[in-house]
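What follows is a set of notes on a single structure, which appears directly below.
Derivation of every value follows stated rules applied to the coordinates shown; laboratory data play no part. All figures in this text were calculated on a predicted structure; none of them were measured in a lab. FYI the Cβ positions are ideal-geometry reconstructions off the backbone, even for glycines, and counts take in every protein chain you see.
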Amino acid sequence: MKDKKIAALYKKYLLGELSPQENTIFLDLLTSCDPDELPELEEVIALVDRSCDLNKSISDDIFYAITGAELCPKVQPIWKRRWASIAVAASLLLVAFVGLFYLLFESRPARPDDVFMQYSNSTKFVKRLTLSDGTRISLRQGGQIDVLSDFRTDSLRKIRLSGEAFFEVAKNPKKAFVIVNSGDFDVRVLGTAFNLICLPQQARLMLNHGKVQVTHDEQHSIIHSGQQVAYDVQHQQFKVSAVDTVAASTWKSDLLSFNQIPLAQIVDDLNNLYPDQNLQLIDSFQMRSFTGYLPASDLEKSLKILNTAFNQTIIHKK
């Protein structure tokens, strides 16, 4: 019977004793016989005298290759599992902290001096602001304010001004309101109202009520209501004088007020409001003065008023 021959060859195959010729015969028999003639696997195994034992590591490897899992998973002591959980939790916490640090510090656009908030006025009108402490500010056209401290937690309410603004500082005896790096001097107040100009060519403060302290390096001066102060760079000292505070702050109502002010200074003021116009005053009017009001948000109307006042075109756009 074919099946006896197959069984015999099968036994030798399992034992690794097939010669090349027998291997060819064995393959031919397997491919040519009917499935019913093939011996059962149990019959063939019974013909093999030796047993085949696999050590534990080989069994684990075979089982893992087939199932993707360990045959006998290792049981970790409870104390090891606990510390492993703590290590994983600590790793996750560290990752979360690094992510939070990145969001707070790296992804935030870089701003000089750690600016907490920034306000600017690129319009042709006065901009009204209210800071987190209740301080109210009228920011003139072209001006900018940088908030340099956290008003809630820091010991000072610190800002910086570029341009001109009117401040109504909310009173807080425990936290001074300080304006720094804004021209020739710094300003320190507890609660008052004043007008401040901080431009490259001039820095001047006009105090409506209360009192303020201004400092320049080691020098300081106390200013009272109805006074204005500027720093005289040439003589290295503060220059304090009386001022009409109402007229000085009419720009809050969109009006520029002038009382015998040289036309050259008026043209400088207009150029500050409209830097792209490059206004020029004719030489013969450099020492002439003007008294009156000009609309801050309407350059053409302001030029018309000035030209009409002197019966000729005295200011040109270059």
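Data overview
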item	result
Chain lengthening between Ser19 and Ser297 when straightened (0.36 nm per residue, less Cα-Cα)	89.2 nm
Using θ = phi - 60° and Karplus 6.51 cos²θ - 1.76 cosθ + 1.60, couplings along region 212-229 (whole Hz; Gly, Pro as x)	9, 10, 10, 9, 9, 6, 8, 8, 8, 8, 9, 10, 10, 4, x, 10, 10, 9
Pairs beyond 25 Å (Cα-Cα), from Lys124/Lys239; Lys124/Lys318; Lys124/Lys211	Lys124/Lys239; Lys124/Lys211
Within region 118-187, trypsin sites (Lys or Arg not before Pro) in DSSP loop having at most 12 other beta-carbon neighbours inside 10 Å	Arg152, Lys174
Convex hull per residue volume in Å³, alpha carbons only, for region 175-318	127
Phi-based couplings in Hz for region 168-176 (Karplus 6.51, -1.76, 1.60; Gly and Pro marked x)	10, 7, 5, 6, 7, x, 8, 9, 5
Distant-in-sequence amide H partners of Gly143 (H built 1.01 Å from N, under 5 Å)	Asn121, Glu164
Net charge over other residues, Cβ less than 13 angstrom from the Cβ of Lys174 (K, R count +1; D, E count -1)	+2
